[in-house]
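Structure first, then comments.
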Amino acid sequence: MSLAVRVTRMRSRHFSLDLAAYVLATILKSKAKPLAVTMTASLPQILTLEEFLKLPNLEESPAWEYVDGVAIQKPMPKTRHSILQKRLLTEVDSHSNDYTALPELRCTFGGRSVVPDIAVIAWNQIQINEAGEPEDNFTEAPDWTIEILSPDQKVTRVIENILHCLRHGCKLGWMLDPDDYSVLLFSPQQEPDVCRGDRQLRVLEGVNLTLTAEQLFAWLKLGKR
């Protein structure tokens, strides 16, 4: 399928012209190679969700996700990805008593099993077992899903996972692009919004965090520490 057709289809699903242009530019600049020779892998056979969840290699790193009957492995995180992930986890946790930020939590719901880079979840949304500990299997959409784009990742696939979360109760989605120093914001029933520079980033009510895109990506400037 051509890039033009892919972008046209995205626009037909209520994407704005600006978003379509952003996604096209991101795809064009991506260093991704054909699937067989990249870190991202997929199992070719069609699986049911139940079969996927029983795979013996399911908990291998990097994480496997289940999308449209296929098991897909995410790219291995690299340095910039890991620094942004670590800092965001710390910032969200330190600015909220109502929510917790969890790395690489498997969320299985709505016929998919996804593993956001960061899942921000209300404490009262976590099911507790008889021992007073959290249940291992999380079967709802996170309240806020955060993805950090890797060079080997397909941007449309990341966006599809965020939109899936929004369709099932997620309140906010972020997609960070470290190459573009931008954050693509998603909210239910709203057009996505690209934030750069000194624009303040939208967060969940109950997370008392004030942060701009510029401040976020400044965490990567290790020489200015």
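The values are calculated or read from the model by the stated rules, or taken from the named source; none is laboratory data. Nothing here was measured: the structure is a model prediction, and the numbers come from that model. So basically every Cβ, Gly included, is an ideal-geometry build from the backbone, and we count neighbours across all protein chains shown.
Any idea which of PRO77, PRO116 is modelled with pLDDT under 95 and either closer than 19 Å to PHE217 by Cα or assigned by TED's automatic domain parsing to the domain that holds TYR181 (or both)?
Values: PRO116 fails: modelled with pLDDT under 95.
On inspection, the qualifying residue turns out to be PRO77.
Just to be sure before I move on: is PRO188 more than 11 Å from the chain's Cα centre (by Cα), of a type outside the set (Ser, Thr, Tyr) and in the same structural domain as GLN215 (by TED's automatic domain parsing) in the structure I sent? Before the answer, list the steps.
Values: more than 11 Å from the chain's Cα centre (by Cα): yes; of a type outside the set (Ser, Thr, Tyr): yes; in the same structural domain as GLN215 (by TED's automatic domain parsing): yes.
Spelling it out, PRO188 is indeed more than 11 Å from the chain's Cα centre (by Cα), of a type outside the set (Ser, Thr, Tyr) and in the same structural domain as GLN215 (by TED's automatic domain parsing).
Among the listed residues GLN200, GLN215, GLN190, GLN127, which satisfies the condition of being touching a Leu at 6+ places or on another chain (Cβ under 8 Å), of a type in the set (S, T, N, Q) and free of Cβ contacts under 8 Å to residues at least 60 places away in the same chain?
Details: GLN215 fails: touching a Leu at 6+ places or on another chain (Cβ under 8 Å); GLN190 fails: touching a Leu at 6+ places or on another chain (Cβ under 8 Å); GLN127 fails: touching a Leu at 6+ places or on another chain (Cβ under 8 Å).
Exactly one of GLN200, GLN215, GLN190, GLN127 is touching a Leu at 6+ places or on another chain (Cβ under 8 Å), of a type in the set (S, T, N, Q) and free of Cβ contacts under 8 Å to residues at least 60 places away in the same chain, namely GLN200.
Do we have any residue at all in segment 46-54 that's in contact with a strand residue (DSSP E or B) (Cβ under 6 Å, 6 or more places away or on another chain), outside the structural domain of PRO134 (by TED's automatic domain parsing) and acidic (Asp, Glu)?
Within segment 46-54, none of the residues are in contact with a strand residue (DSSP E or B) (Cβ under 6 Å, 6 or more places away or on another chain), outside the structural domain of PRO134 (by TED's automatic domain parsing) and acidic (Asp, Glu).
Can you find, within segment 174-220, the residue that is nearest to ARG157 (Cα to Cα) among those that are among the aromatic types (Phe, Trp, Tyr) and out of contact with any strand residue (DSSP E or B) (no Cβ under 9 Å at 6 or more places or on another chain)? Talk me through it step by step, then tell me what you get.
First, the residues of segment 174-220 that are among the aromatic types (Phe, Trp, Tyr): 174, 181, 186, 217, 219.
The next check asks that each one be out of contact with any strand residue (DSSP E or B) (no Cβ under 9 Å at 6 or more places or on another chain); those that pass are 181, 219.
Numbers: TYR181: 20, TRP219: 26 Å.
Result: TYR181.
Yes or no: GLY206 in contact (Cβ under 8 Å) with a residue 12 or more places away in the chain, surrounded by fewer than 17 Cβ atoms within 10 Å (Cβ to Cβ) and within 19 Å of ALA101 (Cα to Cα)?
Working: in contact (Cβ under 8 Å) with a residue 12 or more places away in the chain: yes; surrounded by fewer than 17 Cβ atoms within 10 Å (Cβ to Cβ): yes; within 19 Å of ALA101 (Cα to Cα): yes.
Spelling it out, GLY206 is indeed in contact (Cβ under 8 Å) with a residue 12 or more places away in the chain, surrounded by fewer than 17 Cβ atoms within 10 Å (Cβ to Cβ) and within 19 Å of ALA101 (Cα to Cα).
Can you confirm whether segment 58-80 contains a residue that is over 22 Å from PRO134 (Cβ atoms) and under 12 Å from the mean Cα position of the chain (by Cα)?
Yes, because at least one residue in segment 58-80 is over 22 Å from PRO134 (Cβ atoms) and under 12 Å from the mean Cα position of the chain (by Cα).
Where residues in segment 108-127 are part of a strand (DSSP E or B), hydrophobic (A, V, I, L, M, F, W, C) and in contact with an Asp or Glu (Cβ under 7 Å, 6 or more places away or on another chain), which of them is farthest from LEU201 (Cα to Cα)? Give the derivation first.
If we filter segment 108-127 for residues that are part of a strand (DSSP E or B), which is where we start, we get 108-109, 112-114, 118-122.
Add one more test, that the residue is hydrophobic (A, V, I, L, M, F, W, C), and what stays is 109, 114, 118-122.
Remaining after also requiring in contact with an Asp or Glu (Cβ under 7 Å, 6 or more places away or on another chain): 109, 114, 120-122.
Values: PHE109: 27, VAL114: 24, VAL120: 15, ILE121: 18, ALA122: 19 Å.
In this case the residue turns out to be PHE109.
List pairs: first residue in segment 88-103 and more than 14 Å from VAL203 (Cα to Cα), second residue of a type outside the set (Ser, Thr, Tyr) and in a helix (DSSP H, G or I) anywhere in the structure, Cβ distance under 7 angstrom, at least six positions apart or on different chains.
PRO103/GLN85; PRO103/LEU89
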